[in-house]
1. If we count every other residue with Cβ under 9 angstrom of MET33's Cβ, Lys/Arg +1 and Asp/Glu -1, where does the sum land?
2. Over region 172-226, what portion of Cα pair distances is larger than 19 Å, expressed as a whole percent?
3. Amide H to amide H under 5 Å from PHE130: which residues, 5+ apart in sequence or cross-chain, H placed 1.01 Å off N in plane?
4. Have a look at the DSSP beta bridges in the chain and tell me what percent are antiparallel, nearest 5.
5. Net charge near GLN200: determine it from the other residues with C-beta under 13 Å of the C-beta of GLN200, scoring Lys and Arg +1 and Asp and Glu -1.
6. Counting helices only, and only those DSSP H runs with n ≥ 4, report the 222 nm mean residue ellipticity of the chain as the sum of -39,500 (n - 2.57) divided by its residues, in deg cm²/dmol to the nearest 500.
7. Mind checking which of ASP124, ASP67, ASP12 has the largest fluctuation in a GNM of the chain, springs on alpha carbons under 10 Å?
8. Exposure proxy check: GLU36, GLU227 ranked by fewest other beta carbons within 10 Å?
Amino acid sequence: MPMPQYVKTAIDGAVGRIILNRPERYNALNRAMIREIVEAMEQFDRDETIGAIVLSGAGKSFSAGADIDEMVEATPITMELLDPFADWDRISRVKKPLLAAVHGYVLGGGFELALACDLIYATDATRFGFPEVNLGVMPGAGGTQRLTKRIGRTRALEWLWTGEQMTADQAERFGLVNRLVEADQLEATVLTVAHRIAAQPKMSVRLIKDAVDKAGDLSIQDGMEHERRNFYLLFATDDQTEGMQAFLEKRQPTFKGN
Ligand code: CAA
């Protein structure tokens, strides 16, 4: 893989970190940057030592959205041929927990990137929004779908149509973020949660995400059947034996991740 140009990656124990690093453009997401983000996610997803992935932004903001310079000359044909959202689709196939630590502006594609993560932590001064309508377009990386599923049709339409920014308090009230924290607590808070999840039995964490994702697509009955198959499968893991044995022996379990 070529050296990343727009992101920095780091490993913090069992947590893989991806830091958007184009601060002079508010981490505006060009195609190369999205590819670097996705490839870093996939690399951590394959790394057996990693149990959770944290995404954050360098500088004043998480991200002000897709790179407008790159889109200004686009036509439907160039878009179709470039297929810029194919890389975004790969994010949905990442099996490990994705945590977004967001601050400053979280706009357009930046908001879509955060919504593609499993958990979102924000500072109390974060501003969220979909300003695409002000540019004569609309979200293209899942914004209309994910926002609607999270906050409901009427609220989603108001934000998408007006293009107005949502305060961190509103985002929290709508259930879009897991927690709001002071700016100087954001990194520590997210890393604490990420390390906690990374220390859990890896197959349980993985199959929980798989089952929760099905809740959006399947009927309740089909979803429950899927959940049950995942539940049964966990009885093939050493961590299930260890977890239950440790409980009966009144000691702390030592999970091996398989
Ligand atoms: N694309 C390209 N460049 C961007 C950008 C973006 N999305 N957002 C900011 N920048 C650039 C600015 O052009 C500027 O560059 P120069 O220094 O070369 O002039 C630099 O970042 C700093 O920005 P501002 O001077 O505008 O800073 P500000 O503090 O006055 O405003 C802002 C900050 C509110 C984030 C404002 O820059 C802004 O509104 N940005 C655009 C937000 C937007 O419309 N996002 C949606 C993009 S479309 C999309 O995301 C489609 C999709 O679904 C995938």
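Every number in this text was worked out from the coordinates using simple rules, so none of it is lab data. Quick caveat: nothing in here was measured; it's all calculated off a predicted structure. As a convention, Cβ positions derive from the backbone with ideal geometry for all residues, glycine included, and neighbour counts pool all protein chains shown.
1. That sum, taken over residues with Cβ under 9 Å, equals +1.
2. I get 53 percent for the Cα pairs in region 172-226 exceeding 19 Å.
3. GLY108
4. DSSP beta bridges in the chain are roughly 30 percent antiparallel.
5. On the way: positive: LYS96, ARG196, LYS202, ARG206, LYS209, LYS256; negative: ASP239, GLU242.
After counting each charged neighbour, the total is +4.
6. Result for the chain: -13000 deg cm²/dmol, rounded to the nearest 500.
7. ASP12
8. GLU227, GLU36
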